[in-house]
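The values are calculated or read from the model by the stated rules, or taken from the named source; none is laboratory data. Here the structure is a predicted model, which is why all the values come from computation and not from measurement. Backbone-built Cβ (ideal geometry, glycine too); neighbour counts: all protein chains shown. Calculation scope for accessible area: heavy atoms of the full protein, side chains included, ligands and nucleic acids excluded. Shrake-Rupley method; radii C 1.70, N 1.55, O 1.52, S 1.80 Å.
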Amino acid sequence: MFPERFSNLPAYAFPRLRALLDVHEPGGPVRHMSIGEPKHAFPAWVSDVIVEHAAEFGRYPINEGTPELRGAIADWIKRRFAADVDPETQVLALNGTREGLYNAGMALCPEGSSVLMPNPFYQVYMISAISAAAEPVFVPATEATGHLPDFTALPVEELDRAALCYICSPANPQGTIADEAYWQQLIELGEKHDFQILADECYSEVYRGEKPAGALQVAQAMGASAERVLIFHSLSKRSNLPGLRSGFVAGGPESIARMKQLRAYAGAPLPMPLQRAAERLWADEAHVEENRALYKAKYELADRIFGNVPGYMSPQAGMFLWLPVADGEAATLKLWQETGVRVLPGAYLSRDTAEGNPGQGFIRVALVAPYDDTEAGLTLIRDCLFDQE
Ligand SMILES: Cc1ncc(COP(=O)(O)O)c(C=O)c1O
């Protein structure tokens, strides 16, 4: 009666975490450091824009995004990445990147092909592949590969079979940034073996040093096929508005046309007043800079607290620590029972492979809370899990 294609899925990370922890009492006041839900304030004027346009809740929204919103996005892409996209044909507004990352697979992946993705990874990549009747191929992103997947190490037949390749930079969970050389190599590989690159760049504005390069700017500079790369961006992390559900995909006109068509049949477009707010947000950088400064202070805090921990990776970007432990699940449970701090076992973000589960020896810690709460939580983690004598 139910489809087979989802029957082998493990439970999603957060129900799994609840099953692991909630049968035990917390060892102290509960501190949530498991979910990457941004907690810094979003700009106060966002509410005014929504109220100003509230009458438009009385209209069906424009599916692909208003021309003004798509224009604001194309302008942002130009300013941020020095890349050119036509707002008419190369930009599609999304309800957050998750929806677009899923529907890209639906719209673009031929049945029976395969979809490359990092391991650990943002779980929607896998479900998109499975829904499109394609095979997900998990490519380890570990210390040995610089915490980004080494797609070049795959056998030629695997590369030839692939139709799509998901890649996250800055990476969730490791915070690693793909540099221009990485993008060039991946785009060359895509050109050679004819797969599309779906670049999940939703953390691109939360960084510490140099601003991360984007896949589209590199593809354009290389003169790659216009359809080779699609980039996905979001206001969830950039503007602390995960509840607005606003993002976009930009890329080749044919790919965008296919995604638009799917959306015309089955999409749930963003309500018009929210599109108006999104338009204003893409045009404003002041709030993004303020937000970035708050994260920078917390990266420095984490370095102070964990600097002596062997294998500690100081995050380059994003909003997580990926901390090495002997066993991520055991460490998560110990932390909960002894301190009340909730983190996520790394294995819940990774798949088992013949070589093991690359997240098994990690916990993911979200740095989203205000500074003082983050400091208190990180200190508890250090004292509970790492001997800092
Ligand atoms: C790697 C990654 N991609 C995409 C998303 C989806 O974000 P949104 O749909 O809010 O834009 C998230 C959210 O946590 C994420 O971590």
- Item | Tally, over the range 251-274, of residues that are open to solvent by 60 Å² or more (accessible area, probe 1.4 Å) and either in a helix (DSSP H, G or I) or among the aromatic types (Phe, Trp, Tyr) (or both) | 6
- Message: Suppose we keep only residues that are open to solvent by less than 10 Å² (accessible area, probe 1.4 Å) and aliphatic (A, V, I, L, M) within the range 224-240. Which one would you say is farthest from the ligand (Cβ to nearest atom)?
- Response: 229
- Message: Between a residue in the range 365-386 that is within 17 Å of residue 324 (Cβ to Cβ) and any residue that is open to solvent by 30 Å² or more (accessible area, probe 1.4 Å) and assigned to a helix (DSSP H, G or I), which pairs come within a Cβ distance under 8 Å, given they are 6 or more apart or on different chains?
- Response: 384/334; 384/338; 385/334
- the range 109-135, residues that are without any contact (Cβ under 8 Å) to a residue 60 or more places away in the chain, in contact with a helix residue (DSSP H, G or I) (Cβ under 8 Å, 6 or more places away or on another chain) and either aliphatic (A, V, I, L, M) or more than 15 Å from the ligand (Cβ to nearest atom) (or both): 109, 113, 114, 115, 117, 124, 129, 132, 134, 135
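If you go through the range 79-128 one residue at a time, how many are in a helix (DSSP H, G or I) and in contact with a Leu (Cβ under 7 Å, 6 or more places away or on another chain)?
Step one: list which residues in the range 79-128 are in a helix (DSSP H, G or I), which gives 79-81, 96-108, 124-128.
Narrowing further to those that are in contact with a Leu (Cβ under 7 Å, 6 or more places away or on another chain): 81, 100-101, 103-108, 124-125, 128.
Result for the range 79-128: 12.
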- Task: May I ask you to verify whether residue 249 is in contact with a helix residue (DSSP H, G or I) (Cβ under 6 Å, 6 or more places away or on another chain), over 16 Å from residue 75 (Cβ atoms) and among the β-branched types (Val, Ile, Thr)?
- Result: yes
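State which residue is nearest to residue 143 (Cα to Cα) when the search covers only the range 113-128 and only residues that are among the hydroxyl-bearing types (Ser, Thr, Tyr) and in contact with a Cys (Cβ under 9 Å, 6 or more places away or on another chain). Before you say what the answer is, go through the steps one by one.
Initially, the range 113-128 is screened for residues among the hydroxyl-bearing types (Ser, Thr, Tyr), giving 113-114, 122, 125, 128.
Those still in the list that are in contact with a Cys (Cβ under 9 Å, 6 or more places away or on another chain) too: 122, 125, 128.
On the way: 122: 18, 125: 22, 128: 27 Å.
By that ranking, first place goes to 122.
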- Query: Consider residue 199 against the criteria (1) among the aliphatic types (A, V, I, L, M); (2) more than 15 Å from residue 318 (Cβ to Cβ); (3) within 16 Å of the ligand (Cβ to nearest atom): it satisfies all of them except one. Which criterion is unmet?
  - Reply: (2)
- Working only within the range 89-108, note down all residues that are open to solvent by 10 Å² or more (accessible area, probe 1.4 Å), more than 14 Å from the ligand (Cβ to nearest atom) and not polar (S, T, N, Q). 106, 107, 108
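Can you pull out every residue in the range 275-323 that is assigned to a loop (DSSP other than H, G, I, E, B) and in contact with a Pro (Cβ under 9 Å, 6 or more places away or on another chain)? Lay out the reasoning, then the answer.
Taking the range 275-323 first, the residues assigned to a loop (DSSP other than H, G, I, E, B) are 283-285, 307-316, 318-319.
Selection gives 284, 309, 310, 311, 312, 313, 315, 316, 318, 319.
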